[in-house]
Amino acid sequence: YLFSICDIFNLKLFAMKKFLLAIFAMLCVAGASAQDWSVGGRLGSGFQAVGTYAYNGSDYLEARFGAAWLGGVSADFTVLHNWQICTMDWTPSAGRWFFDAGVGLNVGGAQGYAYVGVAGMARLGIKFNDAPVSLSVDYTPVIGPSISYGGGHSSAAFRGLGFANFGIT
């Protein structure tokens, strides 16, 4: 028995549907542990929406997406792997202070301009006792090139503005 092209195409569609259903089920299971996820905003050298996913005790992944306004408005995306270095009990009635550090990647750009770089992160903040809210100040320097292109030519240079990446989250 020889398979026709239509039969093979239908088998591929069936396999793709099963694959997408499996991905959807995994996302539902991951979403069931909502206490591991948090969302917020960051204001400073730009404005980004921030999402974090905590796992393995004190480790967490952080994604930021929004606009940066260093040297002009541009789209900005950062992904970081962070570690909670220590917690301090400076104000026990208000909450616990924390110091986190992380590494990751930053990309962004606008029309005719793009940048990419390795990002580091240092954060000092407080997680309040009576509310599921935290407030922190971070420094996220980015080391990498900026690339200008268009009009038949392109040029690249070190992006010095990457060192001016401060924010309040």
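The values are calculated or read from the model by the stated rules, or taken from the named source; none is laboratory data. Every value quoted in this text rests on a predicted model; they were computed, and no experiment measured them. Cβ: placed from backbone, ideal geometry, glycine included. Neighbour counts: every protein chain shown. The accessibility values were calculated without ligands, DNA or RNA, using every heavy atom of the protein model including side chains. Shrake-Rupley method; radii C 1.70, N 1.55, O 1.52, S 1.80 Å.
Here are a few things to note about the model shown:
- Neighbourhood charge, 13 Å Cβ-Cβ cut-off, centred on Gly40 and excluding it, Lys, Arg +1 and Asp, Glu -1: +2
- As a fraction of the 1.4 Å probe accessible area of the range 71-137, surface on carbon and sulfur atoms comes out at 69 percent.
- Spacing of the two label points (7 Å from each Cα toward its C-beta) at Ala75 and Ala157, in nm: 2.5
- For the range 28-169, with +1 on Lys and Arg beta carbons and -1 on Asp and Glu, the positive-most of Ser45, Phe65, His81 along the dipole: Ser45
- Counting charges near Gly66 (Lys, Arg +1; Asp, Glu -1) among other residues having Cβ under 12 Å from its Cβ returns a value of +1.
- Summing Lys and Arg as +1 and Asp and Glu as -1 over all other residues whose Cβ lies under 15 Å from the Cβ of Ser136 gives a net charge of +2.
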